[in-house]
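J.: Mind looking over this structure? Questions follow.
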Amino acid sequence: MTAWRNRICKSPTWAGVHQTVDAPKRQQIAFLVKLSSYTGKKESWRIVHHWMKMGTLQVLMVLAIIVCTIAFDGCLVDANISKSMYITWGAQHASISTNGEDLQLTLDQTSGSAVQSKKAFLFGSFEMLIKLVPGNSAGTVTAYYVSSGGDKHDEIDFEFLGNTSGQPYIIHTNIYTMGNGSKEQQFYPWFDPSADYHNYTIHWNPSEIVWFVDGIPIRVFRNYENMGIPYPNKQGMRAYSSLWNADNWATRGGLVKIDWNSAPFKTRLSRFRARACKFNGPVSIYQCAVNTPANWWNSPFYSKLSYGKMGQMKWVRDNYMIYDYCKDTKRFHGQMPAECSKLQF
């Protein structure tokens, strides 16, 4: 990487950027360079695509600059699991690998296990690679979520509801604002989530919350606070993950119980990344919401899904969605939650 970096960064193209790009474009490039320091390579490439109107040569120059920036300053806000999380429950049932990147949660008849992040955040992107309990996982729940805690807590959930062997998991999503939830949407995965690691990301900014699976959006909750619909934007949230016994409700409404003969149950997690704004009290309500290069998740680029992403989400929702609270008129006796009448995508 160092040799590659040196060849690019010391090239005539690099040296001649200021001679070949006009002032407005230089400001745009400077913005991208700063942005790449915070976002990492994946997000930088997406943003460059958004800026293709700059022209082919200039885009190549931007890419060269970003490569150099990334090479010099890899992941400014990344931290592995051992540095960013700690075990909160079932210390004898959870273990972090020596490299600090991998976590194993275990559930047996004596205990489950859980971890949480050391810091709280307000807005950002939270991702984890997760390999769920294989085989007969009925009655178990693996949770990955962010939450502020307390009676009036905000929370954004991924929960993975186990099932009997041969039956699919259920990806259960929910959001709480000021302690009120009941906004569930559920999906079957289009893959075996216990066969390999898959990326689960919560992207949360002042405009919307998006749940991603392997980079594919499956759900959006937009901010309609100006219309009286609560939105989580004032409480810092920590990231959590846990594996626990939920056989009173998780599988077929609690009809299928855990088979303890299959214990211990193990969920494996890896590469937790919180690219997010650290919450330091009320002052962060403004600081974390402002659109700056540091707060890249707040940029207009992330205020709404692209047409391509909306197409991916439509495919998931048309083929794999199994429950949507906004369509459950019987549950709400016809008095549907206000956000159900609003455009979310």
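J.: Select from segment 173-201 the residues that are under 20 Å from Cys326 (Cβ atoms) and aliphatic (A, V, I, L, M) and list them in ascending order.
T.: Listed by number, the residues that qualify are Ile175, Met178.
J.: Which residues, taken from segment 237-254, are more than 20 Å from Gln104 (Cβ to Cβ), modelled with pLDDT of 95 or more and open to solvent by less than 10 Å² (accessible area, probe 1.4 Å)?
T.: Correct list: Met237 only.
J.: Looking at (1) assigned to a strand (DSSP E or B); (2) modelled with pLDDT under 95, which is the one condition that is false for Leu269?
T.: (2)
J.: Could you tell me which residue of segment 173-219 is modelled with the lowest pLDDT, considering only residues that are in a strand (DSSP E or B) and open to solvent by 20 Å² or more (accessible area, probe 1.4 Å)? Explain how you work it out, then say what you get.
T.: Restricting attention to segment 173-219, the residues satisfying the condition of being in a strand (DSSP E or B) are 173-177, 180, 185-187, 198-204, 208-213, 216-219.
Next, only the ones that are open to solvent by 20 Å² or more (accessible area, probe 1.4 Å) stay: 176, 180, 186, 198-199, 212, 216.
Values: Tyr176: 97, Asn180: 92, Gln186: 98, His198: 98, Asn199: 98, Phe212: 98, Ile216: 98.
Looking at the filtered set, the residue picked out is Asn180.
J.: Within segment 255-264, is even one residue of a type in the set (A, V, I, L, M, F, W, C), in contact with a Ser or Thr (Cβ under 8 Å, 6 or more places away or on another chain), modelled with pLDDT under 95 and open to solvent by 20 Å² or more (accessible area, probe 1.4 Å)? Working first, answer last.
T.: If we filter segment 255-264 for residues that are of a type in the set (A, V, I, L, M, F, W, C), which is where we start, we get 255-256, 258, 260, 263.
Checking the rest, the ones that are also in contact with a Ser or Thr (Cβ under 8 Å, 6 or more places away or on another chain) come to 256, 258.
Narrowing the set further to residues that are modelled with pLDDT under 95 leaves 256.
From what is left, the residues that are open to solvent by 20 Å² or more (accessible area, probe 1.4 Å) are 256.
Yes, that holds for at least one residue.
J.: If you don't mind, there's one more thing I want to ask. How many residues are surrounded by 16 or more Cβ atoms within 10 Å (Cβ to Cβ) and in a helix (DSSP H, G or I) if we restrict to segment 288-325?
T.: Going through segment 288-325 one residue at a time, the tally reaches 12.
J.: Only one of these is touching a residue at least 40 places away in the same chain (Cβ under 8 Å), assigned by the TED database to the domain that holds Lys266 and out of contact with any Lys or Arg (no Cβ under 9 Å at 6 or more places or on another chain): Asn226, Asn205. Name it.
T.: Working: Asn226 fails: touching a residue at least 40 places away in the same chain (Cβ under 8 Å).
Residue meeting the stated conditions: Asn205.
J.: Across segment 274-287, what is the number of residues that are open to solvent by less than 20 Å² (accessible area, probe 1.4 Å) and either modelled with pLDDT under 95 or more than 21 Å from Glu127 (Cα to Cα) (or both)?
T.: Residues flagged as open to solvent by less than 20 Å² (accessible area, probe 1.4 Å) and either modelled with pLDDT under 95 or more than 21 Å from Glu127 (Cα to Cα) (or both) within segment 274-287 amount to 2.
The values are calculated or read from the model by the stated rules, or taken from the named source; none is laboratory data. Please read all numbers here as calculations on a predicted model, not as lab measurements. Every residue, glycine among them, receives a Cβ derived from its backbone with ideal geometry; neighbour counts consider all protein chains shown. Side chains included, ligands, DNA and RNA excluded: accessible areas come from the protein's heavy atoms. Shrake-Rupley method; radii C 1.70, N 1.55, O 1.52, S 1.80 Å.
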